[in-house]
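The values are calculated or read from the model by the stated rules, or taken from the named source; none is laboratory data. Since we're looking at a predicted model, the values are computed, not measured. Methodologically, a virtual Cβ is constructed for each residue, glycine included, from the backbone with ideal geometry; neighbour enumeration extends over all protein chains shown.
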């Protein structure tokens, strides 16, 4: 990490100054064209924002406390950013652990994000779920290569873990040699969790397996985010509103965002780095649509039978929220 540098001093000072306004949520008017309904737009938005890796066919979210680390910023500025993310996370039921916890989320600020991303991917593939061990689910090796090689102001990488519906591990690696995430999912969907001596909970064996969630409306597994890495290029974010950058980072923390998504049709902080659009001001923070999406993701059924079912659930929650806001 010797290549990591501090964020530009001007931005750091501005970020601190913006701290007092951290709880402001911005909103923009959404121009509805043709006969598209709010529900249809919510469906499109919910379908575009996040990634649901095909091997999992479910959207992942944090289930436990976040433990963030920020590198490349002065300590005071890093704490300000952590506090902002903690405030946002708290809105959706996720808490941030105090200093001294084991980090599961790392943000690196650097003046050369391209080199740092490549260095990390080449040297710490184990940390990034490259080998797909122990029921880890990511956006795949092609996605990891895009993370390393695509220049961006902010880039992120999420690692999720497939667990049982109540959050228990499917079994430790020592007792499940050779079983991939896809194998585990196929087994649970068929009701075969290893026979009469199934692996249960945290690795106990010799216990009869019982299917308690055998319905078409839910699965016996879910996807829990277990680690996230974010790399911020200090040169590419220079001059942007600090509040908007902080909210952008908070959004990328809480959601396994699709870095290739086109969200230009929606008022969202995720358009922060898009080309300027005629007649639309640059986002200054999370919008009502962003907040509604996050509530939808964190309130929707986690053990949904498919990512499509989750999207429908999230879209319904977004449209209801938008309709209430317009009254």
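Could you go through region 52-59 and let me know if any residue there is buried (at least 21 other Cβ atoms within 10 Å of the Cβ) and either out of contact with any strand residue (DSSP E or B) (no Cβ under 6 Å at 6 or more places or on another chain) or outside the structural domain of residue 226 (by TED's automatic domain parsing) (or both). So far as region 52-59 goes, yes, one or more of its residues are buried (at least 21 other Cβ atoms within 10 Å of the Cβ) and either out of contact with any strand residue (DSSP E or B) (no Cβ under 6 Å at 6 or more places or on another chain) or outside the structural domain of residue 226 (by TED's automatic domain parsing) (or both). In the set (1) free of Cβ contacts under 8 Å to residues at least 60 places away in the same chain; (2) surrounded by fewer than 19 Cβ atoms within 10 Å (Cβ to Cβ); (3) within 19 Å of the chain's Cα centre (by Cα), the condition left unmet by residue 320 is number (3).
Taking the condition touching a helix residue (DSSP H, G or I) at 6+ places or on another chain (Cβ under 8 Å), assigned by TED's automatic domain parsing to the domain that holds residue 124 and assigned to a helix (DSSP H, G or I), does residue 304 pass? In short, no. Check every one of the strands (runs of 3 or more DSSP E) wholly within region 174-290 and list those with 1 or more residues that are modelled with pLDDT of 90 or more and surrounded by 15 or more Cβ atoms within 10 Å (Cβ to Cβ). Because the criterion is at least 1 residues that are modelled with pLDDT of 90 or more and surrounded by 15 or more Cβ atoms within 10 Å (Cβ to Cβ), the strands (runs of 3 or more DSSP E) in region 174-290 that meet it are 221-233. When every residue of region 105-115 is checked against the conditions, at least one turns out to be in a loop (DSSP other than H, G, I, E, B) and either assigned by TED's automatic domain parsing to the domain that holds residue 52 or in contact with a helix residue (DSSP H, G or I) (Cβ under 8 Å, 6 or more places away or on another chain) (or both). Mind listing whichever residues of region 270-319 are touching a strand residue (DSSP E or B) at 6+ places or on another chain (Cβ under 8 Å) and more than 16 Å from residue 246 (Cβ to Cβ)? Answer for region 270-319, where residues must be touching a strand residue (DSSP E or B) at 6+ places or on another chain (Cβ under 8 Å) and more than 16 Å from residue 246 (Cβ to Cβ): 297, 298, 302, 303.
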